[in-house]
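The values are calculated or read from the model by the stated rules, or taken from the named source; none is laboratory data. Just so it is clear, the structure is predicted and the values come from calculations on it, not from any experiment. All Cβ positions, glycine included, derive from the backbone under ideal geometry; neighbour counts span all protein chains shown.
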Amino acid sequence: MSHNTLVKRQFGHRARLALSPAERLKADGQAHAARTMWNLLHAWWQMMPQAKRTLANADAAIRQARQDIDFLAVLPAQAAQAVLKTYVQAWKNCWDGRAGAPDFKGRFRTVMSVDIPQGRDLNITRVHRRWGTVNLPKVGRVRFRWTKDLPVGRRANTENRITGARLIKDALGWHIAFRVQTQEVEPEPHQGPDIGIDMGVTVPIALSDGETYEHGAWLTGKEKARLLCLEQRAAQRKRHRRPGERTSRRLHRTYDQIAGLRAKAKRRALDWQHKTTTHIARTYGTVVVEALSITNMVKSARGTIEEPGKNVGQKAGLNRAISAEAWGRTVSMLAYKTARLGGAVVKVPAPGTSRRCSACGLTTPGSRESQAVFVCKNPDCGWSGNADHNAARNVLHLYRTGLALVPAAGRAVVRRAQRVKPAAAR
């Protein structure tokens, strides 16, 4: 492919909104109206005979509901149509086996969001280096944090433009997620070296060349103490609530404070993942990772009544640690970042990579002495080194010997390359 070939790229960009109290109330009202619209649509879908569950009838029901219920009028008409489109797509995902059946959305269990399907309604302008303004239907002109150059103004055209957006509220406030479409030059093949990656809990990312990427706690000591105090306060207030009694505003406020601290920790984790994966994608051409089944790895060890599990508490703590590292999200970031820079992410079979010696290639019982040290028990080898480094070398060696996992018919199969690359460095 020529280096001048243009390719279309679609991505999302999330920015923080600076809303006044009145604008926050309007955004909250639209989000609650969108959730109510979903619930009404789901109830209508269940009541209607199968022959009458058509897109035209659903659209007519939505229009009638917006005329009969004043509360739904705060939701823009295009946002209401987006709810219908999302609901129909949810059923298609269910029929294709990609997700479960749609259900009612609860007031406190659902992420508050409003869709803006038309990018031309946004009318984005950049005020100065730190802030931009965007027009939100039935909310007004609001500011948002400008952290990325967007195709607006003279830079916008048919191929480079913002196609829409979505308003999302989390524990830290309202944000806007832009849907951006650009046309870029096809990147040249990355000339960087191949690298194997082993992901763990103690050492989050270990590379086959000996480099590691680690991080500390996402919350400071004072924040951890504050979180513990809030969790204890919430447990105490929940304990004194009578059966059937509604949750008090005081308890909801405590829950919001807990969610705010946890959201702050997640944002710091995302920031570390983005910076780490960007550095890896810029440095290396081919990134080799293990094809981990994380869902099976974090299954509970509780067992059944007839056959109770062992070390349930320890396994639960390990499951929380694995989930907190978000290995799947790291691989996803590496995949799109390496592709944009001309590199690639390759997956290899995971079994045995942490127990096999990267020097002699044999799996000898007892070689993994501890979590951090690997000492080969093969009398003819005796190699010793960091256990995570050893696993990363094995991951890279599997790729260089021609083993790679490629998706086929919904499952992963092993493909042997016709041309075997040189073995990993001993």
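Kindly indicate whether VAL345 is under 30 Å from GLU184 (Cβ atoms), within 30 Å of the chain's Cα centre (by Cα) and either modelled with pLDDT of 80 or more or surrounded by fewer than 19 Cβ atoms within 10 Å (Cβ to Cβ) (or both).
Judged against the criteria, VAL345 is a match.
Please indicate, with yes or no, whether at least one residue in the range 296-316 is surrounded by 15 or more Cβ atoms within 10 Å (Cβ to Cβ), more than 16 Å from the chain's Cα centre (by Cα) and within 24 Å of ILE195 (Cα to Cα).
No; the residues of the range 296-316 include none that is surrounded by 15 or more Cβ atoms within 10 Å (Cβ to Cβ), more than 16 Å from the chain's Cα centre (by Cα) and within 24 Å of ILE195 (Cα to Cα).
Among ASN160, ASN123, which is in contact with a strand residue (DSSP E or B) (Cβ under 6 Å, 6 or more places away or on another chain) and loosely packed, with under 13 Cβ neighbours inside 10 Å?
Exactly one of ASN160, ASN123 is in contact with a strand residue (DSSP E or B) (Cβ under 6 Å, 6 or more places away or on another chain) and loosely packed, with under 13 Cβ neighbours inside 10 Å, namely ASN123.
I need the full set of residues from the range 84-118 which are within 21 Å of the chain's Cα centre (by Cα), within 28 Å of GLY173 (Cβ to Cβ) and not in a loop (DSSP other than H, G, I, E, B), in order please.
Listed by number, the residues that qualify are THR86, GLN89, ALA90, MET112, SER113, VAL114, ASP115.
Which of the following residues is outside the structural domain of LEU6 (by TED's automatic domain parsing), part of a strand (DSSP E or B) and at pLDDT below 85: GLY385, GLY317?
Selected residue: GLY385, the only one of GLY385, GLY317 that is outside the structural domain of LEU6 (by TED's automatic domain parsing), part of a strand (DSSP E or B) and at pLDDT below 85.
If you take the residues in the range 237-249 that are outside any loop (DSSP other than H, G, I, E, B) and under 33 Å from the mean Cα position of the chain (by Cα), which one is nearest to PHE108 (Cα to Cα)?
Top of the filtered list is ARG249.
Between residues in the range 32-43 that are in the same structural domain as ALA90 (by TED's automatic domain parsing) and residues that are buried (at least 18 other Cβ atoms within 10 Å of the Cβ) and of a type in the set (Asp, Glu), which pairs lie under 8 Å by C-beta distance while being six or more apart or on different chains?
Correct list of pairs: ALA34/ASP115.
Which members of the range 364-376 meet the condition of being without any contact (Cβ under 8 Å) to a residue 60 or more places away in the chain and loosely packed, with under 15 Cβ neighbours inside 10 Å?
PRO365, GLY366, GLU369, SER370, VAL373
Out of the residues in the range 111-138 that are of a type outside the set (A, V, I, L, M, F, W, C) and closer than 21 Å to ALA73 by Cα, state the one that is modelled with the lowest pLDDT.
Taking the range 111-138 first, the residues of a type outside the set (A, V, I, L, M, F, W, C) are 113, 115, 117-121, 123, 125-126, 128-130, 132-133, 135, 137-138.
Those left that are additionally closer than 21 Å to ALA73 by Cα: 113, 115, 117-118, 121, 135, 137-138.
Values: SER113: 94, ASP115: 94, PRO117: 91, GLN118: 90, ASP121: 85, ASN135: 94, PRO137: 93, LYS138: 92.
Among residues in the range 111-138 that are of a type outside the set (A, V, I, L, M, F, W, C) and closer than 21 Å to ALA73 by Cα, the one modelled with the lowest pLDDT is ASP121.
May I ask you to list the residues in the range 118-147 that are on the phi < 0 side of the Ramachandran plot and of a type in the set (Gly, Ala, Ser)?
Within the range 118-147, GLY119, GLY132 qualify.
Which of the strands (runs of 3 or more DSSP E) contained wholly in the range 128-215 include at least 1 residues that are more than 26 Å from the chain's Cα centre (by Cα)?
Details: elements: 131-136, 140-145, 161-170, 173-185, 194-199, 205-207.
Answer list for the range 128-215: 131-136, 140-145, 173-185.
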